[in-house]
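One structure is given here, and the rest of the page talks about it.
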Amino acid sequence: MHARSMLHLLEETLENVHLNSSASPPPFTAVDLGCSSGANTVHIIDFIVKHISKRFDAAGIDPPEFTAFFSDLPSNDFNTLFQLLPPLVSNTCMEECLAADGNRSYFVAGVPGSFYRRLFPARTIDFFHSAFSLHWLSQVPESVTDRRSAAYNRGRVFIHGAGEKTTTAYKRQFQADLAEFLRARAAEVKRGGAMFLVCLGRTSVDPTDQGGAGLLFGTHFQDAWDDLVREGLVAAEKRDGFNIPVYAPSLQDFKEVVDANGSFAIDKLVVYKGGSPLVVNEPDDASEVGRAFASSCRSVAGVLVEAHIGEELSNKLFSRVESRATSHAKDVLVNLQFFHIVASLSFT
């Protein structure tokens, strides 16, 4: 699902943000957590600034200055991101800045670091946005790769279809990470601020059924790893030492953590059907479907795979992913559907 397809939901959350009507208000500050380095994050920040400025205008209040922080892990390509930013309007009149097309009406900075930790001073942020990031765990649960543990994910590289103890370890890691995320944001957000969060989700109550993520990483990707093991290219223990650090929560998984934190009111918490991540021009062309599936897999997990087994074996792995997906193209097109959890939270 493209981030721009949920702008109406983002707009609803922005309506809940408190507007400072004092004579000399501080800058309105928005943050995109897990921003990556593409154009989507710039579009989202532009949308947030323009919508809030319209609210100030409708209320008859002069808009403040705006600041936007783009935050992601230190390995993120911030240089590429900053090159996408339009120029800052060189005008001290905020109204004229906001009305100018093709120019930026807000100040920016990059903030490298994990969003599972504090990133900003206390009570300095009006609005947090994070899309398609919170399903990434801070780490693979240690017990999942410990051969002595009952949660050891033997023979698998993802939790789709895994045993109960393995999936429980993943669920606990997700909930512990989300708790840290909320604890950090509760310290940083201003009173009257809000958050708009989107992550992979699932409709099944069974955590071993990871939905679209399960099909992406628990079928042809899994089988490709098994191919390398059978061919003697990768040891079974090496395969078992690799696990995708992703967990698609249910609404209940998510709500339990928000409720336990107690700092945020839930204004909206829904599962949203996002569709297929595949970009395919000719659905009847099985080879194109196979390439798109392998490309989607690689875009998400390629860096992790290469770090684990090296570039050469990584190329062999994704070649087998493509071959297997090509052989099951119709099934891939019909069944690879993602669902997302959309959460609108306010801090009072």
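The values are calculated or read from the model by the stated rules, or taken from the named source; none is laboratory data. As the structure is a prediction and not an experimental result, all values here were calculated from the model. As a convention, Cβ positions derive from the backbone with ideal geometry for all residues, glycine included, and neighbour counts pool all protein chains shown. Each accessible area value is taken on the protein alone, full model and side chains, heavy atoms only, with ligands, DNA and RNA left out. Shrake-Rupley method; radii C 1.70, N 1.55, O 1.52, S 1.80 Å.
In table form, for the structure just shown:
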| quantity | calculated |
| --- | --- |
| Highest-first arrangement of 142-149, 17-24, where packing means the average Cβ count within 10 Å | 142-149, 17-24 |
| Residue (of SER24, ASN40, SER105) at the positive-pole extreme of the chain, dipole from beta-carbon charges | SER24 |
| Dimensionless Rg/Rh of the chain - Kirkwood Rh, Rg from C-alpha atoms | 1.00 |
| Antiparallel content of DSSP bridges confined to the chain, in %, to 5 | 45 percent |
| Rg to Rh, two decimals, where the range 213-269 supplies the alpha carbon set and Rh follows Kirkwood | 1.27 |
| With Cα atoms, 0 to 90° folded angle of helix 251-261 axis to the chain main axis | 50 degrees |
| Helix 286-309 vs. the chain, principal-axis angle (Cα, 0 to 90°, nearest 10) | 80 degrees |
| Residue among PHE128, HIS160, LEU178 farthest towards the positive dipole end of the range 99-220, charges placed on Cβ | LEU178 |
| Candidates PRO64, PRO26, PRO249, ranked by Gaussian network fluctuation over the chain, Cα under 10 Å, top entry | PRO26 |
| Within the range 299-333: backbone nitrogen closer than 15 Å to the ASN281 label point (7 Å, Cα to C-beta) | none |
| Size descriptor, Kirkwood hydrodynamic radius, that averages inverse alpha-carbon separations across the range 236-301, Å | 15.8 Å |
| Simple Cβ-charge dipole of the range 236-287, Lys/Arg +1 and Asp/Glu -1, about Cα centre, in debye nearest 20 | 180 debye |
| Length gained when the stretch ALA179-ASP57 is fully extended (0.36 nm per residue, less Cα-Cα span) | 40.3 nm |
| Note, ³J(HN,Hα) from phi for the range 50-59, Karplus 6.51, -1.76, 1.60, rounded to Hz, x at Gly and Pro | 5, 5, 5, 5, 5, 5, 4, 4, 5, 8 |
| Potential extension, THR203-VAL229 segment - 0.36 nm per residue separation minus Cα distance | 6.1 nm |
| Calculated FRET value between LYS268 and ASN79, using beta carbons and R₀ = 41 Å, to 0.05 | 0.70 |
| Accessible area of the range 188-251 belonging to carbon and sulfur atoms, whole % at 1.4 Å probe | 54 percent |
| Interchain or long-range residues, amide H under 5 Å from GLY275's placed H | PHE338 |
| Within the chain: Cβ-based charge dipole about Cα centre, in debye rounded to nearest 20 (Lys, Arg +1; Asp, Glu -1) | 840 debye |
| Stretch gain in nm, segment HIS8-SER149, where the contour uses 0.36 nm per residue and the Cα spacing is subtracted | 46.2 nm |
| Under-5 Å amide H pairs with THR208, H placed in peptide plane, nonlocal only | none |
| Percent RCO, i.e. relative contact order, over the chain, from Cα pairs under 8 Å lying at least 6 residues apart | 19 percent |
| Cα convex hull volume per residue for the range 304-348 (Å³) | 98 Å³ |
| Given charges at beta-carbon only (K, R positive; D, E negative), |dipole| of the range 144-277 in Debye | 320 debye |
| Long-range HN-HN contacts of ASP267 with modeled amide H, under 5 Å | SER344, LEU345, SER346 |
| Loop-located GluC sites (Glu not before Pro) in the range 172-264 whose Cβ has at most 16 other Cβ within 10 Å (DSSP) | GLU231 |
| Candidates LEU304, LEU134, LEU251, ranked by Gaussian network fluctuation over the chain, Cα under 10 Å, top entry | LEU304 |
| q = 0.11, 0.18, 0.20 Å⁻¹, the range 130-269: log10 I(q)/I(0) [Debye, one scatterer per Cα] | -0.45, -0.99, -1.16 |
| Average Cα contact separation per residue, the range 118-175, under 8 Å, 6 or more apart, as relative contact order % | 29 percent |
